[in-house]
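Worksheet for the structure shown next.
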Amino acid sequence: MRSKSYKNLLRGIAAAPGISIGKAHIYHRIDEEVNEYEIENVSQAIEELEDAFSRSKKELVKIFKMAVDKIGEKRAAIFEAQLMILDDPILRRNIWERVEHEKKNPEFVVNDEISKYQKLMTVSDVEYMQERSYDIEDIKNRIIRNLRKKKLISRIEEDVIVVSQTITPADTLLFNRVNSKGYVTDFGGLTSHAAIVARSLGIPAVVGAHDATSKITDGDVLIVDGFHGEVIIKPTKEQLDFYKKKIEKLNLYDKELRKLKDLPAVTNDGKKIIVTANIDLCDELEIAVNNGTEGVGLVRTEQIFDLFTAFPDEEEQYEVYKKFAERIYPLPIIIRAFDIGGDKVLPIDLKEPNPFLGWRGIRLLLDNPELFKLQIKAILRANKHGNIKFMIPMVAAIKEIKSTKELILTAIEELEAEGKEFNANLKLGVMIEVPSAAVMANKFAKYVDFMSIGTNDLIQYLLAVDRGNEIVSDLYQEFHPSVVRSLDLIIKGGKSQGVMTTICGEMAADPIAIPLLVGLGLDSISVNAASILQTKEIIRSLNYEEVKKLAEECSEMETECEIKEKLKEYYDKNIKDKFQTIN
Ligand code: PEP
Ligand code: MG
């Protein structure tokens, strides 16, 4: 029984595999309207106010420092003005007193009082003051966001399926704390970071379901089928029974897969592929180790730390990286520099018109050398056993690699001067995820120790299709001939210089893509921790000589349709039987 004709069915994009059944929790993003209500516990509200103001201040101080570097003192003055408002004793007194005496919720009072400030400025004759009134909107939202952050968690019941218009990676992490059982969103694409985080957490997710929030009501029972991108609203008994059986079968399949934990990923004619894990969350490393990972192919450091709150200092970073490196030792671990920007947290309220084409990854880091150096120093120190490799994201030019190397040298000098213990033998690699880097891969390879293909971004930049936009998700094609040819070019480029090339984009975990990737000559692939066993199983069912031919044929094809059909045919013939539970 497939669900195609159900009336209570909602379709979206299958973003994270798995099936779950639970009650819906409709989540409204934090920046929505502020309501007024009476509070009972005044002292708790005051505590929350203190906390929100001090968090906001901490965030702003960091932002101000970064902004001075990048956008100059004049424009950075916006943040200085915001800091002054935060510290304004009259404003604070008014807010505190009103919460105490009127017993109103702090969000409402903050909104009301700061809005008064804004109004005064708007009616001012001085043009400068009028302009500043818009900036105040930011500080207001920041305080309100900080006020709500904590409450949000306590309001949500455990084990719900979160339904929302959009979801950010930070939201996904937040919900993880209340053991959310699934995600359904109106908007979003397959490789948006929220979807990636959901996959990392092993939580079924369906994104881009268009009208989920209008069709689903809080408390509705839902079935989320993250394999097929389907959501069933208020299922019938027959539907519930069907999916419960499916869940049972999946559990059995998982048990079977576990047997592969300590077995290598070798094709049936002897070609060994190293399967490593992508890590987005601290807890994931244990899952990866339990699934028999052969190292870590990508640590998304920007996800590990809550950058929105504050930038971690050298010591904090050192502790985390050291723990990771020691846990996975003697296996290698690739730690990626903060890939901030795009759809990931940018700890600065810069409204860029095109964030994915803007201040992201290595661009932002090289523009903020002090911040970048902190991370480099922490990594050099954590590399005590020499199993850490360092990787830079969003690289588009060789100059960026050279500048990074210079900064590593400066970091080494500083560590020496500070008398701190470190290991300078740090291998440097680049993500190949911008078309310019793909075209130049053989040249880039001369300057680095390894390359890792980031297909999530490479596809979006190559095909000019936003990875997080469900409206164009049909055009986001991992089997577009230009993608296959680029992969071929990059892998050959790496081999021409004897440089190891791996892949860490989500494509690496796609059962249909794996034969192609192995056939193109990759010796190593990195997938989310939850997909390690399945990836091993697929590789073990392949014949290298056969997939080599398959990849050659695909590289010559002219349309996505042809390539997809060819790979699907191969998959159905050689692999599908093993995955009856999920097909
Ligand atoms: C990629 O772009 O493929 C990648 C692995 O990096 P991220 O998804 O973090 O952008
Ligand atoms: Mg990327």
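For the reader, a short list of remarks on this structure follows.
- Each residue in Leu462, Leu475 was given a count of other beta-carbon atoms within 10 angstrom of its own, and listing them fewest first yields Leu475, Leu462.
- Rounded to 0.05, the FRET efficiency of the Gln497 and Asp367 pair, given R0 = 30 Å and the Cβ-Cβ distance, is 0.55.
- Counting only residues at least eight positions apart within a chain, or on another chain, the aspartates and glutamates with an alpha carbon under 16 Å from that of Lys549 are Asp269, Asp488, Glu562, Glu565, Glu569.
- Structure-based [θ]222 nm, the chain - -39500 (n - 2.57) summed over DSSP H runs of at least 4, per residue, nearest 500: -16000 deg cm²/dmol
- Averaging the Cα positions of each part gives two centres, and for the range 435-495 and the range 78-105 these lie 49 Å apart.
- If both residues of a DSSP beta bridge must be in the chain, then about 30% of such bridges are antiparallel.
- Most to least packed among 262-271, 225-234 [average Cβ atoms within 10 Å]: 225-234, 262-271
- With neighbour counts taken as other beta-carbon atoms within 10 Å, the residues His101, His210 rank, fewest first, as His101, His210.
- Glu556/His385 FRET efficiency (R0 45 Å; Cβ-Cβ; nearest 0.05): 0.50
- Model label sites at Ile39 and Asp572, defined 7 Å from Cα along the beta-carbon direction, differ in position by 6.2 nm.
- Ignoring aspartates and glutamates fewer than eight residues from Lys245 along the same chain, the ones with Cα atoms less than 19 angstrom from its Cα are Asp225, Glu230, Asp254, Glu256, Asp577.
- Placing unit charges on each Cβ (+1 for Lys and Arg, -1 for Asp and Glu) gives the chain a dipole about its Cα centre, and among Trp359, Pro332, Ile471 the Cα reaching farthest toward its positive end belongs to Pro332.
- When +1 charges are put on Lys and Arg Cβ atoms and -1 charges on Asp and Glu Cβ atoms, the dipole computed for the chain relative to its Cα centre reaches about 1520 debye.
- Measuring between alpha carbons in the structure, the pairs from Lys246/Lys566; Lys427/Lys536; Lys246/Lys322 lying more than 32 angstrom apart are Lys246/Lys322.
- Sorted fewest first by neighbouring Cβ atoms within 10 angstrom, Phe305, Phe175 come out as Phe305, Phe175.
- Stretchable slack from Leu331 to Arg92, in nm (0.36 nm times residue separation minus alpha-carbon distance): 80.8 nm
- Counting all C-alpha pairs of the chain, share separated by more than 41 Å (%): 28
- Packing here is the average count of other Cβ atoms within 10 Å per residue, and on that basis the peptides 378-389, 7-18, highest first, run 378-389, 7-18.
- Just so you know, the averaged projected area of the alpha carbon convex hull for the range 266-555 sits at 14.5 nm².
- Hydrodynamic radius of the range 231-390 per Kirkwood, over alpha carbon pairs, in Å: 18.6
Throughout, read-outs are computed from the coordinates displayed, never taken from laboratory work. Please read all numbers here as calculations on a predicted model, not as lab measurements. Cβ atoms come from the backbone with ideal geometry, glycine included; neighbour counts cover every protein chain shown.
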